[in-house]
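Student: One structure follows; several queries about it will come next.
The values are calculated or read from the model by the stated rules, or taken from the named source; none is laboratory data. Just so you know, these numbers come straight off a predicted model, no measurement behind them. Cβ: placed from backbone, ideal geometry, glycine included. Neighbour counts: every protein chain shown.
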Amino acid sequence: MSNYKLGREFAEQLDHNDELSTYRSQFHIPKDAEGNELIYMTGNSLGLQPKITKGYINQELEDWAKLGVDGHTHGKNPWLNYHEFLTKIMADIVGAKPLEVVVMNSLTANLHFMMVSFYKPTPKRYKILIEADAFPSDKYAVESQLRHHGYDDKEGLILWKARKGEELANYEDLENILKEHGDEIALVMIGGVNYYTGQFFDLKRIAKLGHSHGCVVGFDCAHGAGNVKLELHDSGADFAVWCSYKYLNSGPGSLSGAFVHERHAHNKELNRFTGWWSHNKQTRFRMRDDFDQLPGAEGWQLSNPPILSMAAIRASLDVFEKAGFDKLCEKSKQLTGYFEFLLNELNNSNIKIITPNDPDQRGCQLSIQVKNADKDLHDKLTQAGIITDWREPDVIRCAPVPLYNSFMDVYGFIERLKTVI
Ligand SMILES: *Cc1c(COP(=O)(O)O)cnc(C)c1O
């Protein structure tokens, strides 16, 4: 839909016609000191709390109080295999088979555990390719993997940079890097949706390209999971990781998801770090048996997981399942398209959208570059009751989230932006 209109009435009409509009009332929307709802545009940083989350967590607190250790087997939702409640819905959201997905640990930890298995440097082929403006944690993680294996982290890191004067990474450049250095690169590790620009990469294209040069390919999908259709299985990637506290609304620091492609599911030769939770479920509690690897992504688990955090993920995934991810993605395109339309109509040379204007190359986030890196604009927006985030050097990231943001939120954002710009 591209025939957007200006004016408040049009926003109200879009909300009126939105069959997902009732989901907003299922979330706690932060308020200002006077009790007015803020315009929350930072679901890409920390998703809002579903109202049902408390009940899901309380259930586990009650079972713990009532049953103690027996909650593992006799709780309403027995804790022993609690992660299995999450697998199917999570797999659906990232476009994977249940065998390929597990919820465990936190994000950067999972990135390391995946690299233990999938970054296998040799003196000839040891380099790691990442995008130049990768999320800092990812960059630090791959640099430390290089050092861990005895390589220089400057020499070993190849950056996929945007061209001079451009903001977005270009696939031709990636092809050229691989043509030139492909046989030196052990691992291609890209953020599925770039946190800074909001660019949603063509995962399939990158995986195919990387594989054609003999590289392993992994993605950090922290800004993609719950935001765009990742189709991880079809992408052919070897592994992927993501967090659950951004678009997946599972609470600060909540657990991470990991994907390992089916073709690695039964490969016991892959090196990995293991613990009792990667061991065969049937014999896990015999305690003395030799290690017996679980197949699939579950075989990368180490520890019995934090159930309270898992309960929050379960609550959030239940909301996603009810709303339907396809419908959410449809609304997302409409909501962000409307946002883009209104921003462009402002015709203000102090701001520029750097996110791709092709809806298939982005999720809900628009990154607004501010002329002369004027952070004041962000601060004024905050004072006006709009929560966005400022990312150095010069970008305000805004993410209207289809589950709880309305077209009126977007309209209100623009009206307030007009007064502060
Ligand atoms: C949010 C985010 C992280 C944060 O890592 P944690 O281990 O969860 O603190 C890392 N990488 C990317 C790409 C992110 O978007």
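Student: Among the residues of region 146-167, is there at least one that is under 21 Å from the mean Cα position of the chain (by Cα), under 17 Å from residue 203 (Cβ atoms), at pLDDT 95 or above and assigned to a strand (DSSP E or B)?
Tutor: yes
Student: Sticking with this one: Can you name the strands (runs of 3 or more DSSP E) wholly within region 315-421 that have at least 3 residues being within 18 Å of the chain's Cα centre (by Cα) and among the basic types (Lys, Arg)?
Tutor: Details: elements: 351-353, 366-370, 389-391, 395-398.
Fully inside region 315-421 and qualifying: nothing.
Student: Being of a type in the set (S, T, N, Q), out of contact with any Gly (no Cβ under 6 Å at 6 or more places or on another chain) and without any contact (Cβ under 8 Å) to a residue 24 or more places away in the chain narrows it down to one residue among 372, 405; which is it?
Tutor: Numbers: 405 fails: without any contact (Cβ under 8 Å) to a residue 24 or more places away in the chain.
Of 372, 405, the one residue that is of a type in the set (S, T, N, Q), out of contact with any Gly (no Cβ under 6 Å at 6 or more places or on another chain) and without any contact (Cβ under 8 Å) to a residue 24 or more places away in the chain is 372.
Student: Within the bounds of region 175-188, is there any residue that is part of a loop (DSSP other than H, G, I, E, B) and over 22 Å from residue 137 (Cα atoms)?
Tutor: Keep residues of region 175-188 that are part of a loop (DSSP other than H, G, I, E, B), which gives none.
No: zero hits.
Student: Next question, about the same structure. Looking only at region 53-106, how many residues end up being β-branched (Val, Ile, Thr) and not assigned by TED's automatic domain parsing to the domain that holds residue 280?
Tutor: Matching residues across region 53-106 total 4.
Student: Does region 35-47 hold any residues that are more than 19 Å from residue 195 (Cβ to Cβ) and assigned to a loop (DSSP other than H, G, I, E, B), and which are they?
Tutor: So in region 35-47, the residues more than 19 Å from residue 195 (Cβ to Cβ) come out as 35-39.
Answer for region 35-47, where residues must be more than 19 Å from residue 195 (Cβ to Cβ) and assigned to a loop (DSSP other than H, G, I, E, B): 35, 36, 38.
Student: So is residue 95 at pLDDT 95 or above, at positive phi and within 23 Å of the chain's Cα centre (by Cα) or not?
Tutor: Details: at pLDDT 95 or above: yes; at positive phi: yes; within 23 Å of the chain's Cα centre (by Cα): yes.
Judged against the criteria, residue 95 is a match.
Student: Among the residues of region 199-211, are any within 15 Å of the ligand (Cβ to nearest atom), within 15 Å of residue 128 (Cα to Cα) and not hydrophobic (A, V, I, L, M, F, W, C)?
Tutor: The answer is no, given that none of the residues of region 199-211 is within 15 Å of the ligand (Cβ to nearest atom), within 15 Å of residue 128 (Cα to Cα) and not hydrophobic (A, V, I, L, M, F, W, C).
Student: Could you identify the single residue in 336, 355, 283, 274 that is of a type in the set (Val, Ile, Thr) and free of Cβ contacts under 8 Å to residues at least 12 places away in the same chain?
Tutor: 283
Student: Of the residues in region 224-256, how many are within 16 Å of the ligand (Cβ to nearest atom) and within 25 Å of residue 24 (Cβ to Cβ)?
Tutor: Qualifying residue count, region 224-256: 19.
Student: For the condition away from the ligand (no atom under 15 Å from the Cβ), at pLDDT 95 or above and either more than 16 Å from residue 135 (Cβ to Cβ) or touching a helix residue (DSSP H, G or I) at 6+ places or on another chain (Cβ under 8 Å) (or both), what is the one hit in 215, 221?
Tutor: Working: 221 fails: away from the ligand (no atom under 15 Å from the Cβ).
Within the list 215, 221, the selection yields 215.
Student: Can I ask one more? Got at least one residue in region 289-302 being modelled with pLDDT under 95 and polar (S, T, N, Q)?
Tutor: Checking region 289-302: at least one residue is modelled with pLDDT under 95 and polar (S, T, N, Q).
Student: In region 338-373, how many are out of contact with any strand residue (DSSP E or B) (no Cβ under 8 Å at 6 or more places or on another chain) and exposed (fewer than 15 other Cβ atoms within 10 Å of the Cβ)?
Tutor: Looking only at that region, the number is 9.
Student: Looking only at region 198-208, how many residues end up being in contact with a helix residue (DSSP H, G or I) (Cβ under 6 Å, 6 or more places away or on another chain) and either outside the structural domain of residue 122 (by TED's automatic domain parsing) or not in a strand (DSSP E or B) (or both)?
Tutor: Qualifying residue count for the region: 3.
Student: Also: Go through (1) of a type outside the set (Gly, Ala, Ser); (2) surrounded by 15 or more Cβ atoms within 10 Å (Cβ to Cβ); (3) more than 16 Å from the ligand (Cβ to nearest atom) one by one and return the number of the condition residue 281 breaks.
Tutor: Looking at each condition in turn, residue 281 falls short on (2).
Student: When you scan region 112-140, how many residues do you find that are of a type outside the set (Asp, Glu), assigned to a loop (DSSP other than H, G, I, E, B) and within 11 Å of the ligand (Cβ to nearest atom)?
Tutor: Summing the residues that are of a type outside the set (Asp, Glu), assigned to a loop (DSSP other than H, G, I, E, B) and within 11 Å of the ligand (Cβ to nearest atom) in region 112-140 gives 2.
Student: Of the numbered conditions (1) away from the ligand (no atom under 16 Å from the Cβ); (2) part of a helix (DSSP H, G or I); (3) within 20 Å of residue 237 (Cβ to Cβ), residue 109 fails exactly one; give the number of that condition.
Tutor: Result: residue 109 fails condition (1) only.
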